[in-house]
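Input: a single structure, listed below in structure tokens.
The values are calculated or read from the model by the stated rules, or taken from the named source; none is laboratory data. All values reported here derive from a predicted model rather than from experimental measurement. Don't worry about glycine lacking a Cβ; one is built from the backbone with ideal geometry, like all the others, and counts go over all protein chains shown.
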Amino acid sequence: MTKETLSRRTVLCRGVGLPLGGLIVASGLSNIANAADKVCADPAKMDSGQKSIRDSLHYVEKAPDPTMSCKGCGFFVEPKDGCGTCQIFQGPANPEGHCDSFGPRG
């Protein structure tokens, strides 16, 4: 039977590795959360016509009912950079967003 002994170096390396691993995991989870919170339709970058149609359709960046989000709508064009586009208001739309013109994909 052999008895394993731990050197100071082994203890220090393992002691540093554990917190670093946790930091890497936390960083990855933060990026996932940021993707979900992405604002695709920034009103500050829109002209008055774009703002008006979004207001009239009650567009929001986060659907109150996830089953009726833009990504499930027939007017939604899949994203290339995280934000898709809407054929109704012809501009950026969040896949997690919603408006009154929601029509499920056929």
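Of all the residues that make up region 86-102, how many are part of a loop (DSSP other than H, G, I, E, B) and not β-branched (Val, Ile, Thr)? Step through it out loud before you land on a result.
Keep residues of region 86-102 that are part of a loop (DSSP other than H, G, I, E, B), which gives 87-90, 94-97, 99-102.
From what's left, not β-branched (Val, Ile, Thr): 87, 89-90, 94-97, 99-102.
So the answer is 11.
Identify, by number, the condition in (1) closer than 26 Å to Arg105 by Cβ; (2) hydrophobic (A, V, I, L, M, F, W, C); (3) modelled with pLDDT of 65 or more that Ala44 doesn't meet.
(1)
Answer yes or no as to whether Asp100 is surrounded by fewer than 10 Cβ atoms within 10 Å (Cβ to Cβ) and at pLDDT below 85.
So Asp100 does not fit the description; no.
For residues in region 46-77 being within 20 Å of the chain's Cα centre (by Cα) and free of Cβ contacts under 8 Å to residues at least 12 places away in the same chain, which is surrounded by the fewest Cβ atoms within 10 Å (Cβ to Cβ)?
Among them, the one singled out is Thr67.
Test Ser52 against the stated conditions and say whether it is among the polar types (S, T, N, Q) and in a loop (DSSP other than H, G, I, E, B).
On the way: among the polar types (S, T, N, Q): yes; in a loop (DSSP other than H, G, I, E, B): no.
Judged against the criteria, Ser52 is not a match.
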